[in-house]
Amino acid sequence: MLGDLADGANGEPGCIGFRVLSGDDPGEFVLLASWTSEGTLRTHYTTDHYRRYREQMGPLLARPSDVVVHYLRATVHALDPNLPDQGSWDEDANGRHLSESGVCCRVVVAGRP
């Protein structure tokens, strides 16, 4: 079910990535998704694969999901393992802006034991 949701989301326009990760507790999963905009995230909520996920997952939950949405102004891709200088947060070595804004969504899903 979570794999089907991830496969569907990864095929959507505006989805940068959608991953299903193991959580800290048994039966807990973390859904980590990145979108190009809030609009593409909202469109995801209207898809058939999301609707199926909601219908099938609801009865299996041990508690309500913990949903956190982060609004991003920019994303920095480090060229080395050290943090970039403060002056390079918005630009690379050639003065180019690295990324536009986006949305990152984290959902923690806990199934019943």
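Each label point was placed 7 Å from the Cα along the Cα-to-Cβ direction; for T43 and L72 their separation is 1.8 nm.
Positive contributions from Lys and Arg (+1) and negative ones from Asp and Glu (-1), summed over other residues with Cβ under 13 Å from the Cβ of G11, come out at -4.
Here, each number is a calculation from the coordinates, and none is a lab measurement. Quantities reported herein were computed from a predicted structural model and do not represent experimental measurements. Every residue, glycine among them, receives a Cβ derived from its backbone with ideal geometry; neighbour counts consider all protein chains shown.
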